[in-house]
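The values are calculated or read from the model by the stated rules, or taken from the named source; none is laboratory data. Source: prediction; values computed, not measured. So basically every Cβ, Gly included, is an ideal-geometry build from the backbone, and we count neighbours across all protein chains shown.
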Amino acid sequence: MKRPPSKLDPDPVLIRSAQAGNRKALRSLLEEIGPAVRQWALAYEGDADAAADLTQEVFLVLLRKIGSYRGEARFLTWLFSVTRNQALEECRRKARQERKMRRLKVETGNESGAPASGGTTLDRERLGRLIQAFVDELPARQREVFQLSELQCLTSPEVGEILDLAPASVRAALLKARRSLRRKILERHPEFVEEFLP
């Protein structure tokens, strides 16, 4: 059963034109969804260059698979699923590469992630990596809700549309994610709780 179009989704006529092979429609569709894909990719990767690579991979998959979109889910839900799957594939690829490097004993340096200096003040870049690492430790649903709510600034109903969840479920998952992040920061870096998590 097809779902009614969402105000968050691209125009259904544009989607159908892109599916039919209309290059102009496909270009317009990619331009329209590009910012969302880039934000999702950045949320998964935590690094602008890696996010740009992931965005390009998602666009390539979209070009190959747009014909498989049948309208049974909202377009952004389907697109988020494509992005998530590509991010997971990239994560698996990186894990395989790391295992291979360890086997070859090529990897050197401090694997603990501890800072080189003994200072307690983190610069913004390191803080961003720290928070991203904690976000990556969240259960999948909480992580997705947190990324869409906090990084994309979407409302609970909008996140619910993308993930096919009730707004109350979105709010509950977001609350759990925030509590978990606060607890992790308090346990590992209590000096930042008041400054960054009031």
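Does ALA168 satisfy being closer than 20 Å to VAL82 by Cα and small (Gly, Ala, Ser)? Considered against the rule, which asks whether it is closer than 20 Å to VAL82 by Cα and small (Gly, Ala, Ser), ALA168 comes out as no. Do the conditions hold for GLU45, that is, is it in contact (Cβ under 8 Å) with a residue 40 or more places away in the chain, buried (at least 16 other Cβ atoms within 10 Å of the Cβ) and more than 20 Å from GLU161 (Cβ to Cβ)? For GLU45, the condition - in contact (Cβ under 8 Å) with a residue 40 or more places away in the chain, buried (at least 16 other Cβ atoms within 10 Å of the Cβ) and more than 20 Å from GLU161 (Cβ to Cβ) - is met. Of ILE33, ILE66, all but one fail to be surrounded by 15 or more Cβ atoms within 10 Å (Cβ to Cβ), more than 17 Å from the chain's Cα centre (by Cα) and closer than 27 Å to ARG141 by Cβ; the exception is ILE66.
In segment 58-82, the residues that are farther than 17 Å from ILE162 by Cα never reach a residue that is among the charged types (D, E, K, R) and buried (at least 19 other Cβ atoms within 10 Å of the Cβ) with C-beta atoms less than 7 angstrom apart, at least six apart or across chains.
Selection of first residues in segment 174-188 that are in the same structural domain as GLN147 (by TED's automatic domain parsing) and of second residues that are of a type in the set (A, V, I, L, M) and assigned to a helix (DSSP H, G or I), restricted to Cβ pairs under 6 Å at least 6 apart or on distinct chains, gives the following pairs, ordered by first then second residue: LEU174/VAL145; ILE185/VAL193; LEU186/VAL193. For segment 125-137, state whether one or more residues are surrounded by 15 or more Cβ atoms within 10 Å (Cβ to Cβ), more than 15 Å from LEU76 (Cβ to Cβ), within 13 Å of the chain's Cα centre (by Cα) and not assigned by TED's automatic domain parsing to the domain that holds ARG74. Yes - at least one qualifying residue is present in segment 125-137. Restricting attention to segment 141-171 and to residues that are part of a helix (DSSP H, G or I) and among the small types (Gly, Ala, Ser), the residue that is modelled with the lowest pLDDT turns out to be SER149. Taking the conditions (1) part of a helix (DSSP H, G or I); (2) modelled with pLDDT of 80 or more in turn, LEU138 satisfies each one other than (1).
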